Structure formats: structure tokens, C-alpha cells
Amino acid sequence: ACKKILISQRYRLQAMSLIHESLSYSTTYEKVDMSQYIKGIANNIQKYTHHTIVLDLEPCVLGMSDAMNLGLFLNEAISNASEHAYAKEVKGRIEVSLKYREEQCVLRIKDFGRGFDTNRSSHSLGLVLMEDISNFFNEGNMMIDFEEGTEIVFSFTQKKNT
């Protein structure tokens, strides 16, 4: 139990440190290239999981605060899927996509695992954290679908900053 907590804390810290690394290579310190940031988060988690993380990312630039919140949200979702979606002996697949349509950003995290017990997991720290983070966004909306695994779709309004 302690090991799991420490690993999840490490993922959170790495997600935050990637923002600072991303900003240091940027020409502006207010905007974050989300494709690069998400790739960094996924690559960090990929080092510690045997599941395959597949990315489908469209260009999107967010302000630093939104980028950090979205990174923490994504980190929780991928970490939860990596840890809980599949039996230990199964090598699973986790899909992550970021789409931008008419000022609407849509982040999707999908696994094809066993899903989770909604009675037990509805108050998990990860889900509570993701729900709290979604409230920081303009028209933030989180939906979870449990058919054929678990799919988390988080959408919010964002004017294009490219």
C-alpha cells in the first residue's frame, strides 16, 4: 500500500516537473505545447508499466495553469488505468487522445480492461482529484463510461492559442 502511494506521488511530481522543463524550452513562459507535455507524461508512466500507452494528439497550446491541471488529470487517469484496468499478468493497452474542435478541447483516456467496481471506486482519491481538477476549467465536463473497459472523457472550452 505504501509503495503504491509513493509511486502515484512520484507520477504527480514528474507531471509537474515536466511543465517546468517544457517552459524552459519555450520561447514564451505562459504557453505550453500540450502534445509535447502529454508525450512526456505518457513516456514517464510507460517506464514503469508493461501496458502499452498509445497517443493520438492534435496540436493544442494552453496557459501554464490549465496545462498543469490537465497534466495532473491525465497523470491520474493513466496511472489508474495502468494500475487497475488489467490483471497483473495481462499486457493491456491504454489509449490517450487530445482533440481540439471549435474551441472545445477533448481529452480521452481509454483502457480495454476489466473496468472497476463503481461502488468501491466512486470515492477513490484519483477520481476525486480528477473531479476537482475538472472544476478549474471553463465549462469543464468529465464523463466516465464503463463499457468495454473504462473510458474517461474530459472536455472544456479553450480559445485556440497557436
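The set of residues in the stretch 101-115 that are touching a helix residue (DSSP H, G or I) at 6+ places or on another chain (Cβ under 9 Å) and either part of a strand (DSSP E or B) or free of Cβ contacts under 8 Å to residues at least 12 places away in the same chain (or both) comprises 105, 107, 109, 110, 111. Anything in the stretch 42-58 that is at pLDDT 90 or above and either in contact with a Gly (Cβ under 9 Å, 6 or more places away or on another chain) or not in a helix (DSSP H, G or I) (or both)? List them, or say none. Matches in the stretch 42-58: 50, 51, 52, 53, 54, 55, 56, 57, 58. If we scan the stretch 64-76, do we find a residue that is at negative phi, surrounded by fewer than 19 Cβ atoms within 10 Å (Cβ to Cβ), of a type outside the set (Asp, Glu) and part of a helix (DSSP H, G or I)? Among the residues of the stretch 64-76, at least one is at negative phi, surrounded by fewer than 19 Cβ atoms within 10 Å (Cβ to Cβ), of a type outside the set (Asp, Glu) and part of a helix (DSSP H, G or I), which makes the answer yes.
For the stretch 77-97, a residue qualifies if it is of a type in the set (S, T, N, Q) and either more than 15 Å from the chain's Cα centre (by Cα) or in a helix (DSSP H, G or I) (or both), and the qualifying residues are 79, 80, 82.
Filtering the stretch 106-130 to residues that are charged (D, E, K, R) and modelled with pLDDT of 90 or more leaves 108, 110, 111. Taking the conditions (1) free of Cβ contacts under 8 Å to residues at least 40 places away in the same chain; (2) crowded, with 21+ Cβ neighbours inside 10 Å; (3) closer than 20 Å to residue 38 by Cβ; (4) not small (Gly, Ala, Ser) in turn, residue 86 satisfies each one other than (3).
Scan the stretch 138-162 residue by residue and report those that are β-branched (Val, Ile, Thr) and modelled with pLDDT of 90 or more.
In the first step, residues of the stretch 138-162 are kept if they are β-branched (Val, Ile, Thr); the result is 144, 150, 152-153, 157, 162.
Those that are β-branched (Val, Ile, Thr) and modelled with pLDDT of 90 or more: 144, 150, 152, 153, 157.
The values are calculated or read from the model by the stated rules, or taken from the named source; none is laboratory data. Given the structure is predicted, the values throughout are model-derived calculations rather than measurements. Every residue, glycine among them, receives a Cβ derived from its backbone with ideal geometry; neighbour counts consider all protein chains shown.
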